[in-house]
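The numbers here are math on the coordinates, done by the rules we state, and not lab data. Keep in mind that this is a model prediction, so the values were computed, not measured. Here the Cβ positions follow ideal geometry from the backbone for every residue, glycine too, while neighbour counts run over all protein chains shown.
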Amino acid sequence: MSRKLKLRGALRAYLLWPIILTVLLLCMSLSVYVIDKRAAFITTIFTIIYFTMAMAIYYSKSNKIAGELVRYAMDYGQVQKKLLKELHLPYAILDLEGRMQWGNDEFMDIIHEKLIARRSISNVFPEITEDVLPKNEKDEIVHLLFHGRNYKVLLRKVVAPDFDEDSNWNFNDAENAWDDRNALITMYLYDVTEIISLLKENKEQKLITGLLYIDNYEEALESIDEVRRSLLTALVDRKINKYMQSIDAIIKKLEKDKYIFVFQHKYLPVLQTNKFSVLEEVRGVNIGNEMSVTISIGLGVNADTYISSYEFARAAIDLALGRGGDQAVIKDKEKISYYGGKSISVEKNTRVKARVKAHAFREFLEAKDKIIIMGHKIGDVDSFGSAIGVYRIAKSFNKKAHIVINEVTSSLRPMMNKFVGNPDYEEDLFLKSDQAREMVDANTLLVIVDVNRPSYLECVELLDYTKTIVTFDHHRQTNEAIDTAVLSYVEPYASSTSEMIAEIMQYIGGNLKLRPIEADALYAGIMIDTNNFLTKAGVRTFEAAAYLRRSGADVTRIRKYFRSDMIDFKTKADAISSTEIYLKNYAIAVCTGTDVDSPMILGAQVANELLNITDIKASFVFTEYNDKIYISARSIDEVNVQVIMEKLGGGGHLSVAGTQLENTTIQEAIVKIKSTLDQMNKEGEL
């Protein structure tokens, strides 16, 4: 049965206005009737005629008007459909399973494969899986690469109402209808290829600030005849400038041994790929000079401003120099990357820096009433000896001083017993962490020795209790540093912190006089860290040892401190006998002394012993203690074990390094070391 269309709403009211106005004409006729009956009769006749004609027009034209509106709506719908079909933005409609139901011309021109898209859109775009499709009103965005173009895909779930005749759809109910059978997914494709290209181009053209320092300029020149010094300088300059030209960099010499340069970001991957080959090229310059020239590079990357980039570069070059030089450091905001660092740190012949640091330390000492001295966790002989040295410095200025030490190892106990109960020393000389926390206040000087990483401290909370912090250490710096130190003396070239403190003592003043057992502690720290003066022992090391010998250090007495128990000796022998040789040159051993007090110390001793084997370039000894795996790494001069340990979260020196692993077993730790050695060997880093 056909049904007439009815006009409703504002349109019907508009068409009824002529009929409604009849009421006004009737009122006018009544008003005229009061004045003149004959005139009123005439107006009434015309009102009736007007009403009749209005009604006739309304009923005769309403269907035609409705038909015209329907035709207009259909034409308008066709226009909308055509506009959507020819829309420049690729657009498609999917069902809830990801099958394409419809796509406009632009979308079809991109995918070409209509049939496979109807089976599943993931056949065309593998990135759009069923898990990616939106399950609720939240839009999903997917980035993909298709036929060499980058697209951002926006997926949106929409709900269409039922089209049944008696359906009363309320759009307010759409929120509860996401599982309705009429739900669909709309898919928009945004071509962002040009935007990504421009962003990449903008990033590649961004300038990077770099600083390049010659580490040993004066020392290298002194090792060659005066006639050839200018030639050596020219060759180094030529190597540096030629390398900078290869990356289109602008370089300017600031001082005789310092350069600043800028280059585009697109060349940074090139430098990283060749691992800053300029380090090797400069080191290879040799015209008879006994000492190789080494350089350090610091780069500031991805800074917001050029000033920030320069500050990043300054921080990076300071870190490179603090780690011993001959390396490049990249500071990318909070991320730090290291390259190089394969050569042995060059010992400085001058003591100017030690004298300057000593005078600065004296000023801080005189300004404070109490001195708290702290080393690293599970303190070793060097940490203890340097702490005793700082204690004696503080006492020479009549300051109250304490040493924080929580756990005493068996190797340290014989020496520490010489101080505990000794009437020449206070009963509270040694404190636990909880006692130190109660004692530290704003008027306390905190001196940290033999460590520069907060996570390795005996009591890291002390850093928050006082703002006056001084650091003495000989380990290479990492990106984890004690930033709040007012004085930081970190020298990787030094054999030990005890050596550094012995030098400080000679310039600090204050009528300082070492006691024999204090000299023993400092001498023992040097002796242990140099493996009886076989590792990292330079001219200044022996000068410090001579000073300590003059102060009463007794080598025979010190040797007695470090004699091993029989069980320790057997444990070391068992570890050495079970050693595995990996890649022909790397010794891997496990020290499983469950009945010994200091298995880590034994592990370090085993690592040193393994270096006496022919063709062994590096040794790695694993020890389990307090639910942690400790790795002691040692080498002579062919392998940088510090770089290896840094890949596992540790650090140290080129020839002496280590790390700690949590939530792992010894076997898993060995696998990590082997995979690290394999990767570094493959990349040519070993």
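Mind checking the angle between helix 497-508 and the chain's longest principal axis? C-alpha axes, 0 to 90 degrees, to the nearest 10.
The angle comes out at about 70 degrees.
Between helix 37-85 and the chain, what is the angle of the helix's C-alpha long axis to the longest principal axis, kept within 0 to 90° and rounded to the nearest 10?
It is inclined by approximately 40 degrees.
Take the Cα atoms of the stretch 206-340, find their three principal axes, and give me the spread along each one in whole Å, biggest first.
The Cα atoms of the stretch 206-340 stretch 47, 28, 26 Å along their principal axes.
What is the gain in length, in nm to one decimal, between T305 and R355 on full extension, counting 0.36 nm per residue of separation less the C-alpha to C-alpha distance?
Length gained, T305 through R355: 14.3 nm.
Between E201 and E255, what's the calculated FRET efficiency when r is the beta-carbon distance and R0 is 41 Å? Round to 0.05. Numbers along the way, then the final one.
Working: r = 35 Å, r/R0 = 0.86.
FRET efficiency, E201 to E255: 0.70.
For the stretch 352-561, give me the percentage of DSSP beta bridges that are antiparallel, rounded to the nearest 5 percent. Kindly include the intermediate steps, with their values, before the conclusion.
Working: 1 of 21 bridges.
Antiparallel bridges make up about 5 percent of those DSSP assigns within the stretch 352-561.
List the residues whose amide H sits under 5 Å from the amide H of V404, counting only those 5 or more places along or on another chain, with H placed 1.01 Å from N in the peptide plane.
Here the answer is I373, M374, G375, L431, since their amide H atoms fall under 5 Å of that of V404.
Enumerate by residue number the trypsin sites (Lys or Arg not before Pro) in the stretch 210-296 meeting two conditions: DSSP loop (anything except H, G, I, E, B), and at most 11 other Cβ atoms within 10 Å of the site's Cβ.
Values: sites: R228, R229, R238, K239, K242, K252, K253, K256, K258, K266, K275, R283; in loops: K256, K275.
Filter output for the stretch 210-296: K256.
Please report, in debye to the nearest 20, how large the charge dipole of the chain is about its Cα centre when each Lys and Arg carries +1 at its beta carbon and each Asp and Glu carries -1 there.
Details: 85 positive and 94 negative charges, 400 e Å.
I would put it at about 1920 debye.
So what is the calculated 222 nm ellipticity per residue for the chain, using -39500 (n - 2.57) for each DSSP H run with n of 4 or more, over all residues, to the nearest 500 deg cm²/dmol?
Details: 24 runs with 293 residues, N = 686.
Value at 222 nm, helices only, nearest 500: -13500 deg cm²/dmol.
I'd like the distance between the alpha-carbon centres of the stretch 178-246 and the stretch 464-488, rounded to an integer number of Å.
30
Counting other Cβ atoms within 10 Å of each Cβ, which trypsin sites (Lys or Arg not before Pro) in the stretch 550-599 have at most 13 and sit in a DSSP loop? Walk me through the intermediate numbers first.
Values: sites: R550, R557, R559, K560, R563, K570, K572, K584; in loops: R563, K584.
Here the sparse-neighbourhood loop sites are R563, K584.
Please arrange C27, C459, C591 by counting, for each residue, the other beta carbons lying within 10 Å of its beta carbon, fewest first. Before the final figure, lay out each step's value.
Numbers: C27 10, C459 22, C591 28.
Going from sparsest to densest Cβ surroundings: C27, C459, C591.
Does the stretch 352-561 come out rounded, prolate or oblate by the C-alpha gyration tensor, with a ≥ b ≥ c the root eigenvalues, rounded set by a/c under 1.5 and, if not, prolate when a/b is larger than b/c and oblate if not?
Working: a/c = 1.33, a/b = 1.21, b/c = 1.10.
It is rounded, given that a/c, with a ≥ b ≥ c, falls under 1.5.
Tilt of helix 229-246 relative to the longest C-alpha principal axis of the chain, in degrees (0 to 90, nearest 10)?
20
Nearest 5 percent is fine: what portion of the DSSP beta bridges confined to the chain is antiparallel? Intermediate results must be reported in sequence, preceding the final value.
Details: 68 of 99 bridges.
The answer is about 70 percent antiparallel.
Taking the number of other C-beta atoms within 10 Å as the exposure measure, put E683, E137 in order starting with the fewest.
E683, E137
Taking 0.36 nm per residue of separation and subtracting the Cα-Cα distance, what length does fully extending Q667 through R515 add?
50.0 nm
Using only the alpha-carbon atoms of the stretch 260-407, report the extent along each of the three principal axes, biggest first, to the nearest angstrom.
Result, largest extent first: 58, 45, 32 Å.
With 10 angstrom as the radius, rank H402, H474, H143 by how many other C-beta atoms surround their C-beta, starting from the fewest. Intermediate results must be reported in sequence, preceding the final value.
Details: H402 23, H474 27, H143 12.
Listed from fewest to most nearby Cβ atoms, that is H143, H402, H474.
Under a plain spin-label model, where a point goes 7 Å from the Cα along Cα-to-Cβ, how far apart in nm are L24 and N443?
It works out to 9.7 nm between the two label points.
Kirkwood Rh over alpha-carbon pairs of the chain, then Stokes-Einstein at 10 °C and 1.306 mPa s: what D in µm² s⁻¹, rounded to an integer? Before the final figure, lay out each step's value.
Details: Rh = 32.5 Å.
Here the translational diffusion coefficient equals 49 µm²/s.
Classify the stretch 567-682: rounded, prolate or oblate, from the alpha-carbon gyration tensor (a ≥ b ≥ c, eigenvalue square roots; a/c under 1.5 rounded; otherwise prolate if a/b is larger than b/c)?
Numbers: a/c = 1.63, a/b = 1.22, b/c = 1.34.
It comes out oblate by the Cα gyration axes.
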